[in-house]
Amino acid sequence: MPEGPDPEVLDRGGLRVLPRRFPEREAKLWLVAAGGGRAVLRRLDPGLYRPDGPALADRAWLHAFLGRLAATGFPAPRPVPAFEGASCIMLGGAVWELLTYLDGDEIGWRPGPPLEEMGALLARFHEATTRLHASSQRPTALPLEQVPGVLEVRASPGDRSAASRLAVLGAELARRMHEVGHAGRPRAVIHGDFTAHNVLASGQPPTPVGVIDFGLAHVDVPLVDVGFGLWRSGRPYQGAAFIDDSRARSLLRGYARVRAVTEADARAVPVHIFGRGLQMIGKRLRAGGDPEVPPLVEWLRVNTDRLADGLASEVRSLR
């Protein structure tokens with residue numbers, strides 16, 4: 001029998017646990033009845049999210065964004081202010097948050113719906129977020145332009161070879177971002193992890209109906225979301241150390257059906273995939289973790305230009 005949530009949290013929010021199991025990553029999740037509707041109660045892992053003022057402020061930023069996003073009608077969770085008017089609290093040595101429940105099943109590695117439909121949903125998300133005013137960067141964010149600097153200074157001084165390798169990778173990312181004009185592109189709030197594991201689908205045939213897990217949302221170039229999503233969903237299976245060209249083309253094709261994409265945009269996408277791998281390393285370094293370089297980063301370092309040619313060709317074919 002799985003452990004239940006803190007009774008004091010349930011009491012504070014007037015919540016009742018309902019039968020449902022969720023996949024758990026950085027949080028424990030429970031389906032609850034809240035104010036006549038269903039919601040998801042999340043207890044963030046204290047090992048990843050220290051229960052303190054900064055963590056609560058970071059979550060407040062996210063909940064404020066989700067509240068604004070709800071007004072656009074985009075299908076995403078919205079905050080439920082059940083805790084004396086708040087949707088997020090610290091209690092029992094952890095941060096807790098309450099968000100509305102969305103119907104649907106995680107796509108994950110299932111064969112459908114096509115990634116093209118997921119790309120169209122991502123473009124709809126960006127159509128919504130570019131209309132919202134992003135007044136500030138998220139407190140815990142590591143936007144792409146800051147990754148090279150983190151890789152240069154955060155590697156362990158005791159391992160000069162690792163430090164040198166990370167610095168080289170960071171410099172290459174900086175060079176490639178300069179080549180695609182990253183600094184001059186408009187910013188908006190991005191999802192930060194728009195993979196098939198965070199998109200819900202329903203119906204037969206299955207159709208994308210909603211997006212969950214905005215734990216990595218922050219302000220950056222909207223197109224970065226395409227690359228960040230392909231970091232995982234561009235692979236044909238979880239352990240693959242390469243990006244499948246047809247999967248990348250499919251997601252970008254769907255995105256371009258809704259939101260204009262130039263050949264220059266298409267060429268930037270593999271740079272963003274490469275950047276996602278390095279951003280993950282940078283976040284681990286900031287937390288004092290292992291700077292191991294994933295095999296996919298090395299593959300992208302060699303194949304970024306080839307992948308960019310294929311995506312640019314896909315965009316040309318849509319004219």
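The values are calculated or read from the model by the stated rules, or taken from the named source; none is laboratory data. Given the structure is predicted, the values throughout are model-derived calculations rather than measurements. We place every Cβ from the backbone using ideal geometry, glycine too, and count neighbours over all the protein chains shown. All accessible areas refer to the heavy atoms of the entire protein, side chains included, with ligands and DNA or RNA removed. Shrake-Rupley method; radii C 1.70, N 1.55, O 1.52, S 1.80 Å.
Close contacts from segment 280-305, counting a first residue that is closer than 18 Å to residue 218 by Cβ and touching a residue at least 40 places away in the same chain (Cβ under 8 Å) and a second that is among the acidic types (Asp, Glu) and buried (at least 17 other Cβ atoms within 10 Å of the Cβ), with Cβ to Cβ under 9 Å and a gap of 6+ residues or different chains, come to none at all. Within segment 46-67, restricting attention to residues that are charged (D, E, K, R) and over 18 Å from the mean Cα position of the chain (by Cα), the residue that is most open to solvent (accessible area, probe 1.4 Å) is 50.
Scanning segment 15-35 for residues that are more than 20 Å from the chain's Cα centre (by Cα) and under 16 Å from residue 98 (Cβ atoms) turns up 15, 16, 17, 18, 20, 30, 31, 32, 33, 34, 35. Remark: residue 265 matches the filter, which requires a residue to be open to solvent by 20 Å² or more (accessible area, probe 1.4 Å), in contact with a helix residue (DSSP H, G or I) (Cβ under 8 Å, 6 or more places away or on another chain), modelled with pLDDT of 95 or more and not hydroxyl-bearing (Ser, Thr, Tyr). Selection within segment 276-303: residues that are farther than 21 Å from residue 240 by Cβ, assigned to a helix (DSSP H, G or I) and touching a helix residue (DSSP H, G or I) at 6+ places or on another chain (Cβ under 7 Å). The member of this set that is least open to solvent (accessible area, probe 1.4 Å) is 282. Of the residues making up segment 56-66, not a single one is touching a residue at least 12 places away in the same chain (Cβ under 8 Å), aromatic (Phe, Trp, Tyr) and in a loop (DSSP other than H, G, I, E, B). Look at (1) touching a Lys or Arg at 6+ places or on another chain (Cβ under 9 Å); (2) within 26 Å of residue 44 (Cα to Cα); (3) open to solvent by less than 40 Å² (accessible area, probe 1.4 Å) and you find that residue 200 fails only one, number (1). Among the residues of segment 72-80, is there at least one that is of a type outside the set (Val, Ile, Thr) and over 20 Å from the mean Cα position of the chain (by Cα)? No: segment 72-80 contains no residue that is of a type outside the set (Val, Ile, Thr) and over 20 Å from the mean Cα position of the chain (by Cα). Screening the candidates 12, 38, 43 for the property of being touching a residue at least 24 places away in the same chain (Cβ under 8 Å), under 19 Å from the mean Cα position of the chain (by Cα) and open to solvent by 50 Å² or more (accessible area, probe 1.4 Å) yields one hit, 43. Among the residues of segment 105-133, those that are closer than 17 Å to residue 66 by Cβ, assigned to a loop (DSSP other than H, G, I, E, B) and either open to solvent by less than 70 Å² (accessible area, probe 1.4 Å) or touching a Lys or Arg at 6+ places or on another chain (Cβ under 7 Å) (or both) comprise 130, 132.
Cβ-Cβ contacts under 7 Å between residues 6 or more apart (or on different chains), taken from a first residue in segment 252-276 that is under 17 Å from residue 233 (Cβ atoms) to a second residue that is open to solvent by 10 Å² or more (accessible area, probe 1.4 Å) and among the hydroxyl-bearing types (Ser, Thr, Tyr), are absent. Would a scan of segment 69-80 turn up a residue that is farther than 27 Å from residue 126 by Cβ, in contact with a Lys or Arg (Cβ under 9 Å, 6 or more places away or on another chain) and not β-branched (Val, Ile, Thr)? There is no residue in segment 69-80 that is farther than 27 Å from residue 126 by Cβ, in contact with a Lys or Arg (Cβ under 9 Å, 6 or more places away or on another chain) and not β-branched (Val, Ile, Thr). Looking across segment 278-292, just one residue is more than 12 Å from residue 146 (Cα to Cα) and in contact with a Leu (Cβ under 6 Å, 6 or more places away or on another chain), and that is 291. Listed by first and then second residue, the pairs with beta-carbon distance under 7 Å, at least 6 apart or on different chains, first residue in segment 74-103 and under 11 Å from residue 62 (Cβ atoms) and open to solvent by less than 30 Å² (accessible area, probe 1.4 Å), second part of a strand (DSSP E or B) and of a type in the set (Asp, Glu), are 87/97; 88/97. Considering segment 134-146, the residues that are closer than 21 Å to residue 177 by Cβ and not polar (S, T, N, Q) include one that is most open to solvent (accessible area, probe 1.4 Å), namely 145.
Taking every residue in segment 306-319 that is open to solvent by 80 Å² or more (accessible area, probe 1.4 Å) and pairing it with any residue that is part of a helix (DSSP H, G or I), at least 6 positions away or on another chain, the pairs with Cβ-Cβ distances below 6 Å are 318/256.
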